[in-house]
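Peer 1: Below is a structure I'd like to ask you about.
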Amino acid sequence: MSRPVRWTLLLMTLATTAAAIPPLGEHVVLSWNDLGMHCMNQYSADFMVLPPFNNLQAQVIRRGSATSKPLLLANGVTLEYSIPGNTTSVNKTDFWAVAQAIFGVALPPDIGLTGKGLTGTFDPAGTMFEAKGIPVTPFNDAEPTVERPYQLALVIARNNAGAELARSTPVIPVSVEVNCVSSGCHSSINNILNNHPREGGFDPAARPILCASCHASPALGTTGIREAGYFSFRIHDQHQFLDSRMTGVELCNKCHPGPNTECLRGAMRERHALTCQDCHGNMSNMSRTIENGRVPWVDEPSCGSCHGAAYAEQPGKLYRMSTGHGGVACEACHGSTHADFPSREPNDNANNIALQGYAGTLRECAVCHGDGVPQGGGPHAASMAGVGDEMLRGARLMKAFPNPVRTGCSFTMDARAGEAGRLLINDAQGRVVRMINATPGSARFTLAWDGRDRDGVRVAAGTYFARWQQGERTSAARVTVVR
């Protein structure tokens with residue numbers, strides 16, 4: 001079944017499914033993977049970019065009632081994980097044969113760099129629980145040669161007596177589609193290594209080689225050699241010529257898995273047609289921003305840059321590390337980075353279907369509050385004050401005509417010719433109702449909006465904020481829609 005057909009069927013399911021909460025016990029487990037996809041080299045006898053290393057996170061909530069509020073549990077509970085149908089990795093990769101040479105450690109079979117295996121327990125982390133460094137591969141036991149990047153893990157919460165409280169089935173995503181040769185870019189591994197500059201004592205014959213030993217990688221925690229630069233910088237800098245040959249996810253899938261895995265699969269991609277470049281910029285931008293001081297994996301795009309403060313991460317934290325309503329992790333309700341709900345992949349949606357009866361953002365209050373009545377206006381209500389000031393602050397004036405708007409209007413702004421940008425239409429609460437991508441052909445640019453939202457429906461009467469974003473350049477206007 002093709003991707004468009006799968007997505008259409010999913011949307012039809014969402015539109016026709018009643019919000020009937022499945023039977024739940026006194027506790028619920030929310031669990032997720034932190035990145036949306038982890039990559040690994042299946043074979044590393046020559047060189048390694050990333051080892052098998054996957055992370056799961058979880059929270060346990062004692063559900064509320066008419067007389068009590070929900071409670072995040074940090075004590076008195078143990079979480080265990082397993083991967084049904086994927087019980088061993090040692091016969092699916094050569095990682096354990098090269099671990100001593102690459103990392104200087106002799107690892108027992110199926111035990112990863114942090115001491116975690118394919119089954120085990122989570123470690124407490126405040127009001128969360130985490131299992132870091134699970135050495136899972138995308139090959140299950142029954143089909144060890146068929147890549148399955150979106151397998152389900154099983155997470156079970158138990159009390160101190162060992163009784164099960166609740167369970168959850170997060171995706172534990174991993175792909176080996178990071179091979180420079182199989183992507184069709186390089187002729188051979190020897191070609192890659194023999195053409196590597198002979199700097200810093202690099203010897204193409206001294207194999208296996210860990211790329212991050214010279215090129216710093218915050219993902220692996222290596223500091224590398226200062227003069228060698230970040231691994232992310234070198235890769236994007238050396239390959240930025242591809243910007244003129246390919247665009248969108250087709251380009252990024254050459255390295256970030258991949259043409260078969262297609263790890264950018266969430267609603268931002270499937271429903272709103274965002275590409276990797278919409279958030280990260282192109283290859284040239286990736287390398288330039290690192291060269292100018294950005295730390296890869298640490299300084300990343302912010303949800304708030306489009307959605308505003310009401311729907312942003314915690315100040316100074318990435319989305320994957322942020323918590324919101326009642327201390328619940330953003331990813332617990334909205335999905336992992338690159339796999340925001342509802343996802344194209346059915347397994348991504350399994351948890352929320354089990355909790356609330358349908359895919360999509362976890363939005364049914366009864367899942368956590370039980371038969372209690374939540375207080376306030378919802379998870380993001382406390383952040384909605386001053387939306388208008390935020391949308392207009394620091395932006396150049398953008399002309400809107402006509403204003404008030406009855407059927408549509410045009411926005412005229414200063415822009416940089418030939419550089420891609422986007423027009424965001426936010427409602428009075430800060431929610432993005434429409435995004436229009438465009439590349440100006442001149443320094444004075446006009447872009448039309450038909451007064452409709454992302455689904456083609458005319459927006460309701462009220463106040464809206466239009467913002468043109470082009471790199472660091474922002475122009476904005478307030479418009480009033482009348483009906």
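Peer 1: Any number yet on Rg/Rh for the range 282-326, C-alpha, Kirkwood?
Peer 2: On the way: Rg = 12.4 Å, Rh = 11.7 Å.
Answer for the range 282-326: 1.05.
Peer 1: Further, regarding this structure: Summing Lys, Arg as +1 and Asp, Glu as -1, what charge do residues with Cβ under 9 Å from the Cβ of Leu392 carry, Leu392 excluded?
Peer 2: Details: positive: Arg393, Arg467, Arg478; negative: Asp389, Glu390.
Here the count lands on +1.
Peer 1: Then there is this: Tell me the Rg and the Dmax, in Å, that the Cα atoms of the range 386-481 produce.
Peer 2: So, for the range 386-481, Rg and Dmax equal 12.3, 34 Å respectively.
Peer 1: Just need the relative contact order of the range 386-481 here, percent rounded to a whole number, with Cα pairs under 8 Å and 6+ apart. Spell out each step's value before the answer.
Peer 2: Working: 214 pairs, mean separation 34.1, N = 96.
Relative contact order comes out at 35 percent.
Peer 1: Right, another one. By counting other Cβ atoms within 10 Å of each Cβ, how are Arg234, Arg198, Arg265, Arg458 ranked from fewest to most?
Peer 2: On the way: Arg234 17, Arg198 9, Arg265 24, Arg458 14.
Starting with the residue having the fewest Cβ neighbours, the order is Arg198, Arg458, Arg234, Arg265.
Peer 1: Further question: Counting only C-alpha contacts under 8 Å and six or more residues apart, can you give the relative contact order of the chain as a whole percent?
Peer 2: Numbers: 967 pairs, mean separation 71.6, N = 483.
Taking the mean separation of contacting Cα pairs over the length of the chain, I get 15 percent.
Peer 1: Let me ask something additional. Under a Cβ-Cβ cut-off of 11 Å, what is the net charge of the residues other than Gly76 that fall near it, where Lys and Arg count +1 and Asp and Glu count -1? Walk me through the numbers before you get to the answer.
Peer 2: Details: positive: Arg62, Arg158; negative: none.
Summing Lys/Arg as +1 and Asp/Glu as -1 gives +2.
Peer 1: Here's something else I'd like to know. Give, rounded to the nearest 20 debye, the magnitude of the charge dipole that the chain has about its Cα centre when Lys and Arg contribute +1 at Cβ and Asp and Glu contribute -1 at Cβ. Write down the numbers at each step before the final one.
Peer 2: Working: 42 positive and 41 negative charges, 311 e Å.
The calculation lands at about 1500 debye.
Peer 1: Oh, and also: Viscosity 1.002 mPa s, temperature 20 °C: Stokes-Einstein D of the chain from its Kirkwood Cα radius, in µm² per second? Numbers along the way, then the final one.
Peer 2: Working: Rh = 24.5 Å.
Stokes-Einstein gives a translational diffusion coefficient of 88 µm²/s.
Peer 1: Tell me what the chain gives for mean residue ellipticity at 222 nm when only DSSP H runs of n ≥ 4 count, each as -39,500 (n - 2.57), the sum divided by the residue total, rounded to 500 deg cm²/dmol. Display every interim value, and only then the final one.
Peer 2: On the way: 13 runs with 90 residues, N = 483.
Helix contribution divided over all residues of the chain: -4500 deg cm²/dmol.
Peer 1: Could you tell me which of rounded, prolate or oblate describes the range 97-172, using a ≥ b ≥ c as the square roots of the eigenvalues of the alpha-carbon gyration tensor, with rounded for a/c under 1.5 and, failing that, prolate when a/b is larger than b/c and oblate otherwise?
Peer 2: On the way: a/c = 2.44, a/b = 1.38, b/c = 1.77.
In terms of gyration-tensor shape, oblate.
Peer 1: Kindly point out which whole DSSP H helices in the chain project their C-alpha atoms 18 angstrom or further along the helix axis while averaging a Kyte-Doolittle hydropathy of 0.5 or above. Each step should come with its number before you reach the end.
Peer 2: Working: long enough: 3-16 (20 Å, 0.68).
TM-like helix candidates: 3-16.
Peer 1: Then there's this: Can you tally the net charge around Glu313? Count Lys and Arg as +1, Asp and Glu as -1, for every other residue whose Cβ sits under 12 Å from the Cβ of Glu313. Intermediate results must be reported in sequence, preceding the final value.
Peer 2: Numbers: positive: Lys317, Arg320; negative: Glu300, Glu331.
Net of charged neighbours comes to 0.
Peer 1: To continue, here is another question. Please report Thr337, Thr127 as a ranked list, fewest other C-beta atoms within 10 angstrom at the top and most at the bottom. Intermediate values should be presented prior to the final figure.
Peer 2: On the way: Thr337 24, Thr127 17.
Ascending Cβ contact count within 10 Å gives the list Thr127, Thr337.
Peer 1: Using the 10 angstrom Cβ neighbour count as an exposure proxy, how do Glu331, Glu227 rank, fewest first? Mind showing how you got there, number by number?
Peer 2: Numbers: Glu331 25, Glu227 8.
The fewest-first ordering by Cβ neighbours comes to Glu227, Glu331.
Peer 1: Report the extension gain between Asn292 and His272 in nm, rounded to one decimal, defined as 0.36 nm multiplied by the number of residues separating them, less their alpha carbon distance. Don't jump to the answer; show the numbers that get you there.
Peer 2: Values: separation 20, 0.36 × 20 = 7.20 nm, distance 3.04 nm.
So the chain would gain 4.2 nm between Asn292 and His272.
Peer 1: Simple spin-label model, 7 Å along Cα-to-Cβ: Ser244 to Thr223 in nm?
Peer 2: 3.9
Peer 1: Could you tell me the distance between the Cα centroids of the range 290-351 and the range 125-202, to the nearest Å?
Peer 2: 20
Coordinate-derived values only; no laboratory data. Here the structure is a predicted model, which is why all the values come from computation and not from measurement. Don't worry about glycine lacking a Cβ; one is built from the backbone with ideal geometry, like all the others, and counts go over all protein chains shown.
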